[in-house]
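Note sheet for the following structure.
Since every read-out is calculated from the coordinates, none of them should be taken as a lab result. Since this is a predicted model, take the numbers as computed values, not measurements. With ideal geometry, Cβ positions are generated from the backbone for all residues, glycine too; neighbour counts draw on all protein chains shown.
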Amino acid sequence: MAVHRDDLIDEEENEEDNALFQEENTIDLDLDVSEPLRPILSAARSGNAEALTQALENFDGNIDEPLEDGDTALHLVCLYGHLSCVRVLLEKGANVEAKDEDGAIPLHDACAGGYTEIVRLLLNHASGAETVKRMLVTVDDEGDTPLHHAARGEHTEIVNLLLAAGASVTRTNSYGKIPSG
């Protein structure tokens with residue numbers, strides 16, 4: 001099919017206009033994150049353990065600083081299932097009991113996502129039986145424990161891990177619900 005030359009010019013102009021429009025209307029979703037934290041946020045989101053290691057080496061602040069919606073880097077990598085990044089953050093001293101703006105700890109996120117190896121790693125990394133016990137009874141704003149999240153997602157292997165670690169099946173949340181699928 002033949003295309004008129006004017007149509008080609010209009011098409012090229014439209015592409016240029018669209019490119020300009022996209023540039024002008026680009027929203028930097030990281031504007032509310034301070035500049036030193038942006039590389040950590042980017043690496044945590046993407047799951048790039050090398051970039052995360054580098055970003056942490058160049059960062060002299062608190063590793064448990066909230067990055068996004070009250071989530072620390074450890075919350076985010078647990079939420080997204082980035083096991084290698086979880087390892088990096090734990091090696092660098094990230095707090096397994098840090099709470100986000102909803103009162104959840106990273107274990108809540110890993111349980112909700114069904115990330116068995118991350119759950120295992122978090123429990124094994126805890127500094128003792130008392131820390132594990134606190135993690136298992138920590139509730140978010142809806143009264144949910146990590147077991148509630150795992151059960152709701154029908155993550156049987158995680159449910160079994162949590163039960164073996166001492167999680168309670170009778171703890172009710174804010175809605176009076178016990179952990180169940």
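Data overview
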| quantity | calculated |
| --- | --- |
| Condition broken by residue 143, with the remaining ones in (1) farther than 18 Å from residue 75 by Cβ; (2) under 22 Å from the mean Cα position of the chain (by Cα); (3) surrounded by fewer than 15 Cβ atoms within 10 Å (Cβ to Cβ) satisfied | (3) |
| Members of the stretch 100-126 found to be assigned to a loop (DSSP other than H, G, I, E, B) and under 16 Å from residue 86 (Cα atoms), listed by number | 105, 114, 115, 126 |
| Which numbered condition residue 134 fails, given (1) crowded, with 23+ Cβ neighbours inside 10 Å; (2) over 13 Å from the mean Cα position of the chain (by Cα) | (1) |
| Residue among 96, 119 that alone is under 25 Å from residue 40 (Cβ atoms), aliphatic (A, V, I, L, M), buried (at least 22 other Cβ atoms within 10 Å of the Cβ) and touching a residue at least 40 places away in the same chain (Cβ under 8 Å) | 119 |
| Conditions (1) closer than 21 Å to residue 44 by Cβ; (2) assigned to a loop (DSSP other than H, G, I, E, B); number of the one not met by residue 171 | (1) |
| Single unsatisfied condition, residue 70 versus (1) surrounded by 19 or more Cβ atoms within 10 Å (Cβ to Cβ); (2) under 11 Å from the mean Cα position of the chain (by Cα); (3) more than 17 Å from residue 153 (Cβ to Cβ) | (1) |
